[in-house]
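Accompanying notes for the structure given below.
The values are calculated or read from the model by the stated rules, or taken from the named source; none is laboratory data. Just so you know, these numbers come straight off a predicted model, no measurement behind them. Surface accessibility is based on the protein's heavy atoms, side chains included, excluding ligands, DNA and RNA. Shrake-Rupley method; radii C 1.70, N 1.55, O 1.52, S 1.80 Å.
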Amino acid sequence: MKKLICLLFLLPFLNACSDSSADATQYTAQAIHDHDRCHLCGMMITKYPGPKGQVHLKGQTQVPKFCSTRDMFNFALQSENKRQIEALFVHDAGATDWQKPTDDAFVDAKTAWYVYGTSKKAVMGPAVASFKQQADATKFAEEFGGAVLAYDKITIALLAGE
């Protein structure tokens, strides 16, 4: 009987030591619907060309969606938002139509490549074009201009033109 009581007492501790990786949340991009509005500027997202973005925040079920990768970065790079981010997604402009990007072309924004300073226009002027493959970003930059940058090279100062 003593052994049974000891075992029952130890069970919660044994469970606490188990592998917690099963608790890790896997995020996937959500569809952008015709009437979804940009979390930053309020514009209708699907009404405009160019790659879009979305951000998954800690403890939130609502996913902020953006009419452009530029707006997504302007939101995500703010210090009060940065620490709440669990996952970010952007359209792979190399795998979808520029005028009307499709939901199946979302990729992890942190591993994507970006072309900044391109002549190609998006929602409110120059795009921050996003690509899954660096080679696609390089080809795009050769055709439309701009610099190929990794995720961590996109900054608020860069977006502000400083």
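Quick look at the values:
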quantity	calculated
Separation of alpha-carbon centers, the stretch 27-50 and the stretch 54-96, rounded to whole Å	11
Cross-link partners of Lys110 among lysines (Cα-Cα below 25 Å; sequence separation of 8 or more within a chain)	Lys52, Lys58, Lys65, Lys82, Lys100, Lys120, Lys121, Lys132, Lys139, Lys153
Net lengthening on full extension, Ala150/Asp103 (0.36 nm per residue, minus Cα-Cα)	14.7 nm
With all protein chains modelled, accessible area of Leu158 [1.4 Å, Å²]	50
His56 - accessible surface, heavy atoms, 1.4 Å probe, Å² rounded to 10	10
Average Cα contact separation per residue, the stretch 40-89, under 8 Å, 6 or more apart, as relative contact order %	40
Length-normalised contact order for the stretch 94-162 - Cα pairs under 8 Å, 6+ apart - percent	33
